[in-house]
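See below for the structure under consideration.
The values are calculated or read from the model by the stated rules, or taken from the named source; none is laboratory data. Note that the structure is predicted; figures quoted are calculated from it, not measured. Virtual Cβ from ideal backbone geometry, glycine too; neighbours counted across all protein chains shown. Keep in mind that these areas ignore ligands, DNA and RNA; they rest on the heavy atoms of the full protein, side chains included. Shrake-Rupley method; radii C 1.70, N 1.55, O 1.52, S 1.80 Å.
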Amino acid sequence: MMKPVKVMVGEIYIPVKFRGSLDPARVEALAESILADGLRTPISVRRDKDRYVLISGYHRLEAMRRLGEAAIEAYLVAARQH
């Protein structure tokens, strides 16, 4: 089983495929849930030189950003580059 690692929110690159798909209501609901229960499911990222690239968890990442968090738990995966 993979263990999540702490990743700085500012070091995560959001690929173009995610942009434009953000649902503000969902981000707000997730932010409230995270405040109440914590982040239950880490996001997934891959390493790319000096940054991380988001694989999944765009709304969770934006909810953490909205809450002012500097770091987020993430699974580091080996994913194909597109």
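For segment 54-63, name all the residues that are over 8 Å from the mean Cα position of the chain (by Cα) and either within 20 Å of Ala29 (Cα to Cα) or not in a strand (DSSP E or B) (or both).
Residues of segment 54-63 that are over 8 Å from the mean Cα position of the chain (by Cα), as a first pass: 55, 63.
Ala63, the sole residue that qualifies.
If you go through segment 1-10, how many residues are over 12 Å from Leu76 (Cβ atoms) and either hydroxyl-bearing (Ser, Thr, Tyr) or in contact (Cβ under 8 Å) with a residue 40 or more places away in the chain (or both)? So that I can check it myself, show each step before the final result.
Residues of segment 1-10 that are over 12 Å from Leu76 (Cβ atoms), as a first pass: 1, 8-10.
Going one step further and asking which of them are either hydroxyl-bearing (Ser, Thr, Tyr) or in contact (Cβ under 8 Å) with a residue 40 or more places away in the chain (or both), we end up with 8-10.
Counting residues in segment 1-10 that are over 12 Å from Leu76 (Cβ atoms) and either hydroxyl-bearing (Ser, Thr, Tyr) or in contact (Cβ under 8 Å) with a residue 40 or more places away in the chain (or both) gives 3.
Give the number of residues within segment 1-17 that are outside any strand (DSSP E or B), more than 15 Å from Ser56 (Cβ to Cβ) and in contact with a strand residue (DSSP E or B) (Cβ under 6 Å, 6 or more places away or on another chain).
Result for segment 1-17: 2.
Among the residues of segment 54-66, is there at least one that is on the phi > 0 side of the Ramachandran plot and either at pLDDT below 95 or among the acidic types (Asp, Glu) (or both)?
no
In segment 55-82, what count of residues is obtained for those that are within 12 Å of Met8 (Cα to Cα) and in contact with a strand residue (DSSP E or B) (Cβ under 9 Å, 6 or more places away or on another chain)?
Counting residues in segment 55-82 that are within 12 Å of Met8 (Cα to Cα) and in contact with a strand residue (DSSP E or B) (Cβ under 9 Å, 6 or more places away or on another chain) gives 8.
Across segment 54-76, what is the total count of residues that are among the hydrophobic types (A, V, I, L, M, F, W, C), touching a residue at least 40 places away in the same chain (Cβ under 8 Å) and open to solvent by less than 50 Å² (accessible area, probe 1.4 Å)?
6
Does Lys49 meet the test of being at pLDDT below 95, out of contact with any Cys (no Cβ under 7 Å at 6 or more places or on another chain), on the phi > 0 side of the Ramachandran plot and open to solvent by 60 Å² or more (accessible area, probe 1.4 Å)?
For Lys49, the condition - at pLDDT below 95, out of contact with any Cys (no Cβ under 7 Å at 6 or more places or on another chain), on the phi > 0 side of the Ramachandran plot and open to solvent by 60 Å² or more (accessible area, probe 1.4 Å) - is met.
Which is farther than 19 Å from Lys3 by Cα, over 9 Å from the mean Cα position of the chain (by Cα), at pLDDT 95 or above and open to solvent by less than 40 Å² (accessible area, probe 1.4 Å), of Ala25, Ala31?
Exactly one residue qualifies, and that residue is Ala31.
Please go through segment 18-53 and give me each residue that is free of Cβ contacts under 8 Å to residues at least 40 places away in the same chain, of a type outside the set (Ser, Thr, Tyr) and in a loop (DSSP other than H, G, I, E, B), ordered by number.
Within segment 18-53, Arg19, Gly20, Asp23, Gly38, Leu39, Arg40, Pro42, Lys49, Asp50 qualify.
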